[in-house]
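The values are calculated or read from the model by the stated rules, or taken from the named source; none is laboratory data. Given the structure is predicted, the values throughout are model-derived calculations rather than measurements. Glycine gets a Cβ as well: all are built from the backbone with ideal geometry, and neighbour counts include every protein chain shown.
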Amino acid sequence: MLVLQYFSNETENYWKFGGRCIAKNNAGFDLFDKFVDMDFERIKEMLQLNMNTLTLLSYCFGKEMAKKGDGTIINVGSTASFQPLPHMSAYSASKAFVVSFSEALHKEMKPYGVNVLCVCPGTTKTAFLKEVGLEKDNDKRLISKIAHMVAMKPEDVARIVWEAYQKNKSFSIPGKLNNIQYSLLGLKIPTESFI
Ligand SMILES: NC(=O)c1ccc[n+]([C@@H]2O[C@H](COP(=O)([O-])OP(=O)(O)OC[C@H]3O[C@@H](n4cnc5c(N)ncnc54)[C@H](OP(=O)(O)O)[C@@H]3O)[C@@H](O)[C@H]2O)c1
């Protein structure tokens, strides 16, 4: 109840000053390892952030936006949403949740005048890569080489998301390569390259 009240005040502030309310569920992290070698507390933390927190924030902002008949919720998935990925099993499943949830929510919220945009970036040069142990120099694994070869600049991803927002789109995959991966049905990254 307190959380709902907090978001009610937050969204009210945006509208009071003539702004448009955008809720961007961007926070998320990945764990890259054999599932059984991971620390289960970290797995729980990741699932909590990537799915539960995103769902809670969509609920809190969505409720206020529906009342007002305005606003956009931006949920950040990943190209990892599109296929099960060994060594990222829980992460890719959590990101598949984001796509499925956002697509359904988009349909529900449309009659209220609220847009739900799901963005699925591919590898992007942020702290995220270091966090999952895909540093450039000392890593000879194929997955690390591919990651650094195709990684997009964060500012390019942000620009594409901004354009998608302005066009009221419901789904956006930044970058040509990522779009090719998505649209060529059956083209999945060889799962062996992750192991
Ligand atoms: N970079 C990629 O290759 C890539 C590819 C596909 C999808 N994505 C997705 O893009 C989104 C943004 O990632 P990024 O690339 O910008 O990575 P990033 O630079 O590492 O940023 C991650 C963000 O998540 C927040 N965060 C991490 N752990 C958290 C926790 N336990 N509780 C609350 N907040 C937490 C961080 O907050 P602090 O700064 O306070 O730590 C930071 O704002 C994520 O959802 C990620 O899954 C990234």
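Please verify whether the range 80-88 includes one or more residues that are modelled with pLDDT under 95, of a type in the set (Phe, Trp, Tyr) and in contact with an Asp or Glu (Cβ under 8 Å, 6 or more places away or on another chain). No, the range 80-88 contains no residue that is modelled with pLDDT under 95, of a type in the set (Phe, Trp, Tyr) and in contact with an Asp or Glu (Cβ under 8 Å, 6 or more places away or on another chain). Taken as a whole, the structure leaves LYS24 outside the set of residues that are exposed (fewer than 11 other Cβ atoms within 10 Å of the Cβ), charged (D, E, K, R) and modelled with pLDDT under 95. In a helix (DSSP H, G or I), under 28 Å from MET109 (Cβ atoms), touching a residue at least 40 places away in the same chain (Cβ under 8 Å) and in contact with a strand residue (DSSP E or B) (Cβ under 7 Å, 6 or more places away or on another chain): is that true of LEU47 in this structure? Judged against the criteria, LEU47 is not a match. Close contacts from the range 117-135, counting a first residue that is within 19 Å of ASN75 (Cβ to Cβ) and at pLDDT 95 or above and a second that is more than 9 Å from the ligand (Cβ to nearest atom) and among the hydroxyl-bearing types (Ser, Thr, Tyr), with Cβ to Cβ under 7 Å and a gap of 6+ residues or different chains, come to LEU117/THR72; LEU117/TYR165; LEU117/SER170; LEU117/SER172; CYS118/SER102; CYS118/SER170; VAL119/SER172.
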